[in-house]
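The values are calculated or read from the model by the stated rules, or taken from the named source; none is laboratory data. The structure displayed is predicted, hence computed values, not measured ones. Note: ideal-geometry Cβ built from the backbone for every residue, glycine included; neighbour counts use all protein chains shown. These area figures cover heavy atoms from the full protein model, side chains too; ligands, DNA and RNA do not enter into them. Shrake-Rupley method; radii C 1.70, N 1.55, O 1.52, S 1.80 Å.
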Amino acid sequence: PATYRLSVSGLVTRPAVFTFADLQAMPQTSLIRDFHCVTGWSVPQVHWAGVRLSEVLDHVEPTPNARAIRFRSFDGEYTENMTLEQARRPDVIVALRMFDKPVTHDHGGPVRIYSAPMYGYKSTKWLSAIEVLDHVEPGYWETHGYDLNGLIQN
């Protein structure tokens with residue numbers, strides 16, 4: 001966490017780089033939701049805490065032609081996406097805590113995305129960058145046949 005940086009760029013008025021401390025200083029929210037993998041397993045009642053992604057987006061001010069976002073992991077290889085509308089949901093967060101503890105490296109920490117209405121592959125681990133785009137760009141799993149939206153159908 002001491003050296004963590006989250007870059008937010010693309011179609012925004014005010015590109016920014018957030019430290020872990022910057023994210024901690026923003027209004028925090030907590031969720032208790034089930035985590036669902038597209039392969040069929042689930043973890044019930046996971047306690048998440050962090051910053052609503054909409055708060056981060058409000059800070060950088062997406063331009064009028066912004067329609068989507070792309071997340072990047074530290075490995076430089078893994079990307080994922082959401083529409084801007086999906087990203088602004090109150091149950092999509094930049095997660096800093098899981099089960100009342102910092103998100104561990106094995107669970108994608110120190111910072112990851114958690115998207116309650118979507119399967120786990122949409123909850124990007126080891127988050128390093130967010131790019132605001134004018135279109136949805138298929139991410140790693142979509143190029144391997146997974147659904148572009150990743151919404152859990154109940």
Residue match in the range 69-89 (condition: of a type in the set (A, V, I, L, M), more than 15 Å from the chain's Cα centre (by Cα) and surrounded by fewer than 20 Cβ atoms within 10 Å (Cβ to Cβ)): no
Search result, residues across the range 113-135 that are within 13 Å of Gly50 (Cβ to Cβ) and either open to solvent by 10 Å² or more (accessible area, probe 1.4 Å) or among the acidic types (Asp, Glu) (or both): Ala116
Qualifying residues in the range 1-18 (those that are within 22 Å of Thr104 (Cβ to Cβ) and touching a strand residue (DSSP E or B) at 6+ places or on another chain (Cβ under 6 Å)) - the one surrounded by the fewest Cβ atoms within 10 Å (Cβ to Cβ): Arg5
Index of the failed condition, Asp75 passing every other in (1) at pLDDT 95 or above; (2) acidic (Asp, Glu); (3) under 19 Å from Pro1 (Cα atoms): (1)
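Just need a number here: residues in the range 38-51 that are surrounded by fewer than 17 Cβ atoms within 10 Å (Cβ to Cβ) and touching a residue at least 60 places away in the same chain (Cβ under 8 Å).
The qualifying residues number 1.
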Leading residue by the ranking (nearest to Tyr121 (Cα to Cα)) among those in the range 19-37 that are in a loop (DSSP other than H, G, I, E, B) and either open to solvent by 60 Å² or more (accessible area, probe 1.4 Å) or without any contact (Cβ under 8 Å) to a residue 12 or more places away in the chain (or both): Gln28
Residues that are in contact with a strand residue (DSSP E or B) (Cβ under 7 Å, 6 or more places away or on another chain) and touching a residue at least 60 places away in the same chain (Cβ under 8 Å), drawn from the range 52-77: Leu53, Val56, Val60, Pro62, Thr63, Ala66, Arg67, Ala68, Ile69, Arg70, Phe71
From Asn154, Asn149, residue being open to solvent by 60 Å² or more (accessible area, probe 1.4 Å), at pLDDT below 95, under 21 Å from Arg52 (Cβ atoms) and not in a strand (DSSP E or B): Asn149
Residue pairs meeting the criteria (Cβ under 7 Å; at least 6 apart or on separate chains; first of a type in the set (Phe, Trp, Tyr), in the range 95-111; second open to solvent by 10 Å² or more (accessible area, probe 1.4 Å)): Phe99/His47
Condition broken by Asp58, with the remaining ones in (1) in a loop (DSSP other than H, G, I, E, B); (2) open to solvent by 80 Å² or more (accessible area, probe 1.4 Å) satisfied: (1)
